[in-house]
Amino acid sequence: MTNKINLYIFAESGHAAAYGIGTYVRELTESLKDSDLNICVIHLYSQKPEVIREELDGVRHWYIPSVVPYRTELYYRNVVYLLQLLIKDTDRLVFHLNFSRNWPLVDELRAAFSCKIVFVVHLFEWCFALLGNLTQFRNIIANHAKSPSEFDFDIEDNFLDEKKFYGKFDKIICMSEYTKSLIQTDYGINPNQLHLILNGLKESKKTNNSKALLRKRFRILDNTPVILFVGKLDKVKGLDYVLSAFRIVLDTLPACRLLLVGSGAYDTYLKECKDIWMNIAFTGRLDKDVLVDLYSIADIGVMPSFHEQCSYAAIEMMMYGLPILGSTTTGLKEMIVDGETGLHIQVIEYDDHVEIDTTLLAEKMLYLLQNAGVRKLMSTNARKRYEQLYTSEIMRENMLHFYRSLFDNEQ
């Protein structure tokens with residue numbers, strides 16, 4: 001037996017690994033790799049042709065391929081059979097799950113091991129369908145007996161599945177007070193099961209070039225206002241409102257530039273940029289070193305998202321001292337201190353839809369772009385907020401304390 005905690009973190013190959021959850025797993029393992037935890041990342045649905053085991057920088061990685069035909073429960077059952085063969089030390093065993101679709105895996109793990117199982121709430125499925133409209137969500141759940149539509153049935157079924165799923169865990173990690181309160185109030189989960197742990201991000205290597213030199217390299221004049229959007233090109237990120245507000249901004253600042261970093265529905269948004277294409281750059285997804293340069297040349301960041309938990313894009317903007325104009329949705333409202341590190345833009349909830357006031361969004365963009373002193377103060381405050389809440393070191397200490405607390409009752 002050993003006193004070490006044996007931590008197995010579940011990841012998945014594919015689209016999700018390239019965005020928020022994949023970033024979370026990478027940052028988590030990076031922050032913990034030199035700790036006293038025995039860490040292994042299990043990559044489900046791997047595209048590799050067979051089970052591969054390797055060690056990278058002190059962390060074990062196991063890749064378990066997909067199967068054809070695709071049968072979820074059978075796949076997870078076989079995954080656990082394999083884990084029973086591979087896991088030699090079963091003392092102080094923790095399984096850390098990140099995907100809600102993994103719910104059949106929980107029962108299989110419980111049956112096979114004496115273990116602790118924890119889950120991180122990265123998203124709510126209904127937030128994508130309803131664009132984060134909590135009012136509409138609660139109305140659907142409360143009025144399920146009053147002639148629900150097929151859409152309402154789907155929302156309620158998903159809610160009931162999530163509620164059942166959350167009840168299976170020893171502990172649940174939430175990334176915002178909003179989520180913690182919601183799971184306790186609406187899902188009826190015991191507050192003792194819930195822990196608030198914010199995401200952390202390792203400090204990126206800073207560019208050696210000045211803002212003026214970087215702007216020259218990107219063919220942007222020193223006095224040109226630059227707005228930066230980082231995220232998937234998708235309705236849930238509020239990009240429709242960014243483009244509409246930017247049109248208004250151009251009436252006052254015709255030389256203003258909007259940089260859109262991310263992949264997604266290019267065709268849809270290119271059509272919406274008709275007549276202002278020359279002021280907008282679609283960069284696609286970028287390597288970290290290039291993205292660092294764009295953070296360095298931008299004047300403000302804009303994030304009118306309808307659903308965020310603890311956004312890595314927002315953390316990066318704060319890391320580089322970028323004032324953020326962000327929505328009051330889910331966890332993003334908590335990340336931005338209105339009037340200190342950026343400005344809030346209200347998400348207006350109705351019974352059947354949500355909106356953002358495009359004119360007000362444009363006014364706030366213009367306010368920040370036209371007030372250098374305000375931007376400078378917010379830049380300093382944003383950087384301080386990163387250092388106080390969102391560093392990799394802070395996340396490491398919080399996660400280590402969390403994992404160890406799972407075994408506090410052991411003698």
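None of the figures in this text is laboratory data; all of them are computed from the coordinates on show. If you're wondering where the values come from, they're calculated on a predicted model, not measured in any experiment. Note that we place each Cβ from the backbone using ideal geometry, even for glycine, and neighbour counts take in every protein chain shown.
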(message) As I understand it, the dipole of region 211-389 uses +1 on the Cβ of Lys and Arg and -1 on the Cβ of Asp and Glu, about the Cα centre. Which of I248, S311, I220 lies farthest toward its positive end?
(response) I220
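With a ≥ b ≥ c taken as the square roots of the eigenvalues of the C-alpha gyration tensor of region 211-389, please select rounded if a/c is under 1.5 and otherwise prolate if a/b is larger than b/c or oblate if it is not? All intermediate terms of the calculation are to be shown ahead of the outcome.
On the way: a/c = 1.32, a/b = 1.05, b/c = 1.26.
It comes out rounded by the Cα gyration axes.
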(request) Quick one: angle between helix 288-297 and the longest Cα principal axis of the chain, in degrees between 0 and 90, rounded to 10, please. (result) 30 degrees
(request) For the chain, set up a Gaussian network in which alpha carbons nearer than 10 Å are linked by springs, and say which option among L56, L37, L123 fluctuates the most. (result) L56
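So if we plug the beta-carbon distance of R60 and K235 into 1/(1 + (r/R0)^6) with R0 = 41 Å, what FRET efficiency do we get, rounded to 0.05?
On the way: r = 39 Å, r/R0 = 0.95.
According to the calculation, E is roughly 0.60.
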(message) Going by Cα centres, region 66-124 and region 260-324 are how many Å apart?
(response) 35 Å
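Roughly speaking, what is the stretch gain from Q47 to Q84, that is 0.36 nm per residue apart minus the C-alpha to C-alpha distance, in nm to one decimal? Before the final figure, lay out the partial values.
Values: separation 37, 0.36 × 37 = 13.32 nm, distance 2.20 nm.
Roughly 11.1 nm would be gained on extension.
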(message) As I understand it, the value is the acute angle between the Cα axis of helix 20-32 and the longest principal axis of the Cα atoms of the chain; what does it come to in degrees, rounded to 10?
(response) 70 degrees
(message) Can you tell me which of T358, T252, T391 moves the most in a GNM of the chain? Springs connect C-alpha atoms under 10 Å apart.
(response) T252
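Taking the Cα centre of region 211-389 as origin and charging only Cβ (+1 Lys, Arg; -1 Asp, Glu), how large is the dipole, in debye to the nearest 20?
The dipole of region 211-389 has a size of about 900 debye.
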(message) I need F306, F153 ordered by Cβ neighbour count within 10 Å, fewest first.
(response) F153, F306
(request) Note the angle between two axes, namely the Cα long axis of helix 239-252 and the longest principal axis of the Cα atoms of the chain, as a number of degrees from 0 to 90, rounded to the nearest 10. (result) 20 degrees
(message) If you take semi-axes √(5λ) of the Cα gyration tensor in Å from the coordinates, which of (1) 30, 28, 21; (2) 34, 27, 20; (3) 38, 26, 20 do you get?
(response) (3)
(message) Which residues does the label zone of T185 cover in region 355-382, counting backbone N under 11 Å from a point 7 Å along Cα→Cβ?
(response) none
(request) Would you mind ranking Y241, Y76 by Cβ crowding within 10 Å, fewest neighbours first? (result) Y76, Y241
(request) Among L194, L131, L85, determine the one that fluctuates most according to a GNM of the chain built with springs between C-alpha atoms less than 10 Å apart. (result) L85
(request) Order these peptides, 254-260, 295-301, 346-352, 216-222, by their mean beta-carbon neighbour count within 10 angstrom, highest first. (result) 295-301, 254-260, 346-352, 216-222
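Within 10 Å of each residue's Cβ, count the other Cβ atoms and sort R375, R138 from fewest upward.
Values: R375 20, R138 13.
Least crowded to most crowded, the residues run R138, R375.
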(message) Report the gain in length on full extension from F128 to K164: 0.36 nm times residue separation, minus Cα-Cα distance, nm rounded to one decimal.
(response) 11.0 nm
(request) Please find the FRET efficiency linking D357 to I276, where r is the Cβ-Cβ separation and R0 is fixed at 25 Å, and quote it to the nearest 0.05. (result) 0.80
(request) State the extension gain, in nm to one decimal, for the chain segment bounded by R217 and Q193, taking 0.36 nm per residue of separation less the distance between their alpha-carbons. (result) 3.5 nm
(message) What does the C-alpha gyration tensor say about the overall shape of region 1-123? Classify as rounded when a/c is under 1.5, otherwise prolate if a/b is larger than b/c, or oblate.
(response) rounded
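What does the charge dipole of the chain about its Cα centre add up to, to the nearest 20 debye, if the Cβ of each Lys and Arg holds +1 and the Cβ of each Asp and Glu holds -1? Don't jump to the answer; show the numbers that get you there.
Working: 46 positive and 53 negative charges, 241 e Å.
Approximately 1160 debye in magnitude.
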